[in-house]
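Heads up, the thing below is written out as structure tokens.
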Amino acid sequence: MNAEDAGRVVLLTTSHRVAPGLLSWPAWQVLHSARRVLCSDPEHPQLPYLREAGVAVEEAAPEAQDLVDATAGGDTVVVVASGEGESRLTDGLARLAGSGRVEMPALELLPASYDLPGARLLDLVQVMDRIRLECPWSSRQTHEGLAKYGIEEAYELVEAIEDGDRVELREELGDVLLQVVFHARIAEDDDEEPFSVDDVAAGIVAKLIHRHPHVFGDEHAETPEDVKAHWLRTKAEEKQRDSVTEGVPLGQPGLALAAKLAGRARTAGLDVALPSGDGIGYELLAMAVRAQAEGTDPESALRAAGRAYRDAILAAESGA
């Protein structure tokens, strides 16, 4: 028996993150040309679409030897892989091939659909939905109850960035992303104004497109300063604010608040004298405004100094 007579076994894999029925052209070709198409999972999401397209699918869980026999004479058999994979079948085929006693068909792995960038976000949404429904703690959480965790995770992200730890950075980004998805899932349960993670994503997509006319429109930007000008102009059009202080969260750290207000005033061309007063607060305000004018983030600068102070304490404790 030559190689052509041995036939072909095609293991067809699909991504559950892509809508069922959206398969590649090579996949449709082999599905229509195969002598038999087998699937061990009767609930496989692709089956209705395959049958609608005229592909006869047999619900069967073949053994390795069954496939070898079915392909004798040069036939092609397609196995539509289940979501858990077909390790039992592939292990069996490997054992037969390794025995040297069986004329094996050609074995081919054919991905019929591929994940797009960002596809794993769908997994996160799905997992969060189940946790919200089934976890005794998560099912009782509110926006207000989670607020402190959002602050903590944001600070931990900043720390990972400042430490330059790439592994920690990836983990902390995931923790921040979890806060977004968690809050969006909670919002779905609101009786009066529900919204979903899709609404959140749609909103930020629309905002980004509108604020980047040099990318998605006819305007041009050659420098970062041009981009900033576009951003501020479109943001002002959107917000229609009565004061440059609107939208500045007063609950943020004091140095960051002072720098943000100074930046808003400077951008608006306002020459505002600093309030006078006694005490360290007014001194810190003046220093924060000066740092912002010099292009230094006072909050980051103080954290860096704080780290140096921590190191000095550690050195003193160790007697170094």
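Restricting to lysine pairs 8 or more places apart or on different chains, what number in the chain have Cα atoms under 25 Å apart?
Within the chain, the lysine pair count is 9.
Any chance you could run the full-extension gain for GLU238 through TRP137? It's 0.36 nm times the residue separation minus the Cα-Cα distance, nm to one decimal. Mind dumping the intermediate values first?
Details: separation 101, 0.36 × 101 = 36.36 nm, distance 3.82 nm.
So the extension gain works out to 32.5 nm.
Carbon and sulfur: what percent of region 20-111's accessible surface (1.4 Å probe)? Mind showing how you got there, number by number?
Values: 2510 of 4980 Å².
Answer for region 20-111: carbon and sulfur cover 50 percent of the accessible area.
For LEU38, list long-range residues whose amide hydrogen, built 1.01 Å from N in the peptide plane, is under 5 Å from its own amide hydrogen.
Under 5 Å from the amide H of LEU38 lie the amide H atoms of GLU58, VAL78, VAL79, VAL80, each far enough along the sequence or on another chain.
Per DSSP helix of 4 or more residues, -39500 (n - 2.57); summed, then divided by the residues of the chain. What does that give at 222 nm, rounded to the nearest 500? Mind dumping the intermediate values first?
On the way: 13 runs with 177 residues, N = 320.
Estimated from H runs of four or more residues: -17500 deg cm²/dmol.
Carbon and sulfur: what percent of region 138-183's accessible surface (1.4 Å probe)? Each step should come with its number before you reach the end.
Working: 1730 of 3030 Å².
Using a 1.4 Å probe with all protein chains present, region 138-183 comes out at 57 percent carbon and sulfur.
So if I take the centroid of the Cα atoms in region 36-97 and the same for region 180-251, what is the distance between those two points in Å?
49
Could you list the chymotrypsin sites (Phe, Trp or Tyr not before Pro) in region 66-160 that lie in coil according to DSSP, counting only those with at most 10 other Cβ atoms within 10 Å of their Cβ? Each step should come with its number before you reach the end.
Working: sites: TYR114, TRP137, TYR149, TYR155; in loops: TYR114, TRP137.
Answer by residue number: TRP137.
Taking 0.36 nm per residue of separation and subtracting the Cα-Cα distance, what length does fully extending ASP175 through PHE216 add? Each step should come with its number before you reach the end.
Details: separation 41, 0.36 × 41 = 14.76 nm, distance 3.07 nm.
Extra length from ASP175 to PHE216 when fully extended: 11.7 nm.
Under 1.5 on a/c is rounded, so check that first for region 252-303, then, if it is not, pick prolate when a/b is larger than b/c and oblate when it is not; a ≥ b ≥ c are the square roots of the alpha carbon gyration tensor eigenvalues. Don't jump to the answer; show the numbers that get you there.
Details: a/c = 1.86, a/b = 1.08, b/c = 1.73.
Oblate shape, in that a/c is at least 1.5 and b/c is the bigger or equal ratio.
Just the number please: accessible area per residue for the chain, 1.4 Å probe, all protein chains included, in Å².
Values: 20700 Å² over 320 residues.
Result: 65 Å² per residue.
Just checking my list (1) -0.43, -1.31; (2) -0.68, -1.38; (3) -0.37, -1.37 against log10 I(q)/I(0) by the Debye sum over Cα atoms at q = 0.08, 0.16 Å⁻¹ computed from this structure; which label fits?
Recomputing log10 I(q)/I(0) by the Debye sum over Cα atoms at q = 0.08, 0.16 Å⁻¹ here gives the entry labelled (2).
The values are calculated or read from the model by the stated rules, or taken from the named source; none is laboratory data. Since we're looking at a predicted model, the values are computed, not measured. No Cβ is skipped: glycine too gets one built from the backbone with ideal geometry, and neighbour counts run over all protein chains shown. Side chains included, ligands, DNA and RNA excluded: accessible areas come from the protein's heavy atoms. Shrake-Rupley method; radii C 1.70, N 1.55, O 1.52, S 1.80 Å.
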